[in-house]
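As structure tokens, the structure follows; a few thoughts come after it.
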Amino acid sequence: MYHQLGGTVTAVACWNQADQKSYTFRRAEGINLDELIAITDRFGDISKSRAEEAGYEILPGEAWLEQEVDILIPAALENQITEQNVSRIPERVRIIAEGANGPTTPGADTELNRRGVYVIPDILANAGGVTCSYFEQVQSNTNYFWEKDEVIGKLDVKMTSAFLDVADFAGKKKLPMRDAAYVIGVDRVARACRDRGWV
């Protein structure tokens, strides 16, 4: 089974090019990521027949939203969680980690906040990629390249620091994580503009 940070992944949803629709692949005891990759073609389509043979349930694409899990990770498309479908998210879900850009609409975000769901916003949850792009720029500018472990270590420091800053600010100001991330982001850009004499 695929276990990460003490959790078990039980369902994944993906688009199927051949059918032009999405499916959710679920196995209650846990997904074996290597197994799914092995039955995925070069276009990213998971073989439905082979998945069923391996014990996966094939569900409609939006079924990932309805799973009785602790954490949901919308990780592909924007506007996946909307005012129309947010009520389908089970009460058991306590954390939503936004791996995609803008996966939650403002109306759905309001409802999740009302329900007390801890949303790790996209601006924070998926910022590792752009942070690594910055690291690449630094390495290119200095013509000195880091080993993989050094990059991962630096990324861990930056992302952990950013998360703690946002979580601390959200707690002190009694703000949702998304609002706290926006306030910190805007404040830091404004300070940088001032420090550089642009304003």
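The values are calculated or read from the model by the stated rules, or taken from the named source; none is laboratory data. Since this is a predicted model, take the numbers as computed values, not measurements. So basically every Cβ, Gly included, is an ideal-geometry build from the backbone, and we count neighbours across all protein chains shown.
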Select from segment 135-163 the residues that are exposed (fewer than 12 other Cβ atoms within 10 Å of the Cβ), within 30 Å of P176 (Cβ to Cβ) and among the aromatic types (F, W, Y) and list them in ascending order.
none
If we ask which residues in segment 17-53 are of a type outside the set (G, A, S), assigned to a loop (DSSP other than H, G, I, E, B) and touching a Phe, Trp or Tyr at 6+ places or on another chain (Cβ under 9 Å), their number turns out to be 5
Criterion (of a type outside the set (A, V, I, L, M) and farther than 28 Å from G7 by Cα) met by exactly one of P106, P121, P90, P176:
P106
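Could you grab me the full set of residues in segment 55-77 that are among the hydrophobic types (A, V, I, L, M, F, W, C) and either in contact with a Cys (Cβ under 6 Å, 6 or more places away or on another chain) or at pLDDT 95 or above (or both)? Reasoning before the result, please.
So in segment 55-77, the residues among the hydrophobic types (A, V, I, L, M, F, W, C) come out as 58-59, 63-65, 69, 71-73, 75-77.
Across segment 55-77, the qualifying residues are I58, L59, A63, W64, L65, V69, I71, L72, I73.
Filter segment 175-193 down to residues that are assigned to a helix (DSSP H, G or I) and either aromatic (F, W, Y) or free of Cβ contacts under 8 Å to residues at least 24 places away in the same chain (or both), then give me how many there are.
Taking segment 175-193 first, the residues assigned to a helix (DSSP H, G or I) are 177-193.
Imposing the further condition that a residue be either aromatic (F, W, Y) or free of Cβ contacts under 8 Å to residues at least 24 places away in the same chain (or both) reduces the set to 179-180, 182-184, 186-193.
Within segment 175-193, residues that are assigned to a helix (DSSP H, G or I) and either aromatic (F, W, Y) or free of Cβ contacts under 8 Å to residues at least 24 places away in the same chain (or both) number 13.
Let's see how each residue does on (1) farther than 27 Å from A181 by Cα; (2) at pLDDT below 95; (3) touching a Ser or Thr at 6+ places or on another chain (Cβ under 8 Å):
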position: L5; (1), (2), (3): no, yes, no
position: Y23; (1), (2), (3): yes, no, no
position: G30; (1), (2), (3): yes, yes, yes
position: I37; (1), (2), (3): yes, yes, no
position: D41; (1), (2), (3): yes, yes, yes
position: N79; (1), (2), (3): no, no, yes
position: E98; (1), (2), (3): no, no, yes
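To keep it simple, each residue is scored yes or no on (1) more than 19 Å from the chain's Cα centre (by Cα); (2) among the β-branched types (V, I, T).
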| position | (1), (2) |
| --- | --- |
| T24 | no, yes |
| E35 | yes, no |
| S49 | yes, no |
| E53 | yes, no |
| W64 | no, no |
| D70 | no, no |
| L77 | no, no |
| R92 | no, no |
| I95 | no, yes |
Could you pull out the residue among E62, E78, E53, E83 that is under 16 Å from E29 (Cα atoms), surrounded by fewer than 17 Cβ atoms within 10 Å (Cβ to Cβ) and of a type in the set (D, E, K, R)?
E53
I need the full set of residues from segment 101-125 which are surrounded by 18 or more Cβ atoms within 10 Å (Cβ to Cβ) and either within 14 Å of the chain's Cα centre (by Cα) or within 23 Å of T160 (Cα to Cα) (or both), in order please.
P103, T104, V117, V119, I120, P121, D122, I123, L124, A125
